[in-house]
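Below is one structure; the comments refer to it alone.
Since every read-out is calculated from the coordinates, none of them should be taken as a lab result. Predicted model, so just to flag it, every value in this text is computed and none were measured. Neighbour counts are summed over all protein chains in view; Cβ atoms, including those assigned to glycine, are modelled from backbone coordinates with ideal geometry.
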Amino acid sequence: MFSTKGGVGKSTATANFGTVMQLEDRKVYAMDYDPNNTLRFHYGLNQSDTNGHASLSLQGSPIKNAVTTIDNGTFVLPFGELTEDQLNQYQEKLLQDPFFLKKQIDTLGLSHDEILFIDAPSGSTIFTQQVLNAAHVSVVVMLADAASYLTLEGSLKLINKHCIGRKDYLGTMYLVNQIQRKYELNSDIFDMVQLQLENHIIAEVHQDQCVPEALARGTNVLTDAPESLATQDFIDAAQTMESFLLGPIV
């Protein structure tokens, strides 16, 4: 999950996409690659727990030891808390090896039908570049607003630089979040995005108060409000990506 703009709902999408696929008997991992550790809120993890995959990487320990199993069966890898010195050391590793994250993920030994979602931080950071270098599919999350539309070109440039041309890269999907068709500007921008990206897979999630309410309870909207509009949108979007990535379940 990737965006050059913050506040678009990447962590929300990561948690809800993962829940859809886990409910369909896929083995799902969700990795937080943002030093802000925002993904853990969506899984109700203990906020006082400072452990995560980043500190294990610094110690030379397997990152699989950071895996936390959630009640719904999802496997979560928190980033964890780092001191300022540790964060600097970690960033130095990333600068020295553009595929550091990919090599760490390879140690998990995931099979073809297992899915790893990575929640990337916003912007064009060294962390974002590591995620794109490791991704088989990029999901660009954006809002139907002017700021997201204006930063779309920057997202496309980063994908072209780090993903396009790699043999293991399967493609790009776009998720437009918090759509409100009753507002003319919101509707017009969504139409512009569809026009600009007419040859790409585009999914949409309507604005729904159930989403922030679920986050406040430390869970996802599929669990908290299974009949809501946003839940159906996430199901549709996740199934679209699932078919594109893995093909239908046999």
Amide H contacts under 5 Å for GLY171, placed H, 5+ residues apart: SER138
Built amide H within the under 5 Å cut-off of MET31, gap 5+: LEU77, PHE117, ILE118, ASP119
Antiparallel content of DSSP bridges confined to the chain, in %, to 5: 10
Within a Gaussian network of the chain (alpha carbon springs, distance under 10 Å), most fluctuating of ASP32, ASP224, ASP188: ASP188
Residue-averaged 222 nm ellipticity for the chain, from DSSP H runs of 4+ at -39500 (n - 2.57), nearest 500: -13000 deg cm²/dmol
Farthest toward positive dipole pole in the chain [+1 Lys/Arg, -1 Asp/Glu at C-beta], among ILE201, ILE115, THR128: THR128
The chain: angle of helix 184-196 to the longest principal axis, Cα-based, in degrees nearest 10: 70
Volume in Å³ per residue [convex hull over Cα atoms, computed for the chain]: 125
For the chain, with +1 on Lys and Arg beta carbons and -1 on Asp and Glu, the positive-most of THR219, GLN180, SER61 along the dipole: SER61
Region 151-162 - phi-based ³J(HN,Hα) in whole Hz, Karplus 6.51/-1.76/1.60, Gly and Pro as x: 8, 4, 4, x, 5, 5, 5, 5, 5, 4, 6, 9
Percent RCO, i.e. relative contact order, over the chain, from Cα pairs under 8 Å lying at least 6 residues apart: 24
Three-way shape call for region 25-78 based on the alpha-carbon gyration tensor, with the a/c threshold at 1.5: oblate
Most mobile of GLN59, GLN207, GLN130 in a GNM of the chain (Cα contacts under 10 Å): GLN59
THR38 long-range amide H proximity, modeled H, under 5 Å: none
Region 60-67 - phi-based ³J(HN,Hα) in whole Hz, Karplus 6.51/-1.76/1.60, Gly and Pro as x: x, 8, x, 6, 4, 6, 8, 5
Region 108-147 versus region 30-76: alpha-carbon centroid distance in Å: 16
Residue-by-residue Karplus 3J(HN,Hα) for region 41-50, coefficients 6.51, -1.76, 1.60, Hz, glycine and proline x: 4, 6, 10, x, 6, 4, 6, 8, 7, 9
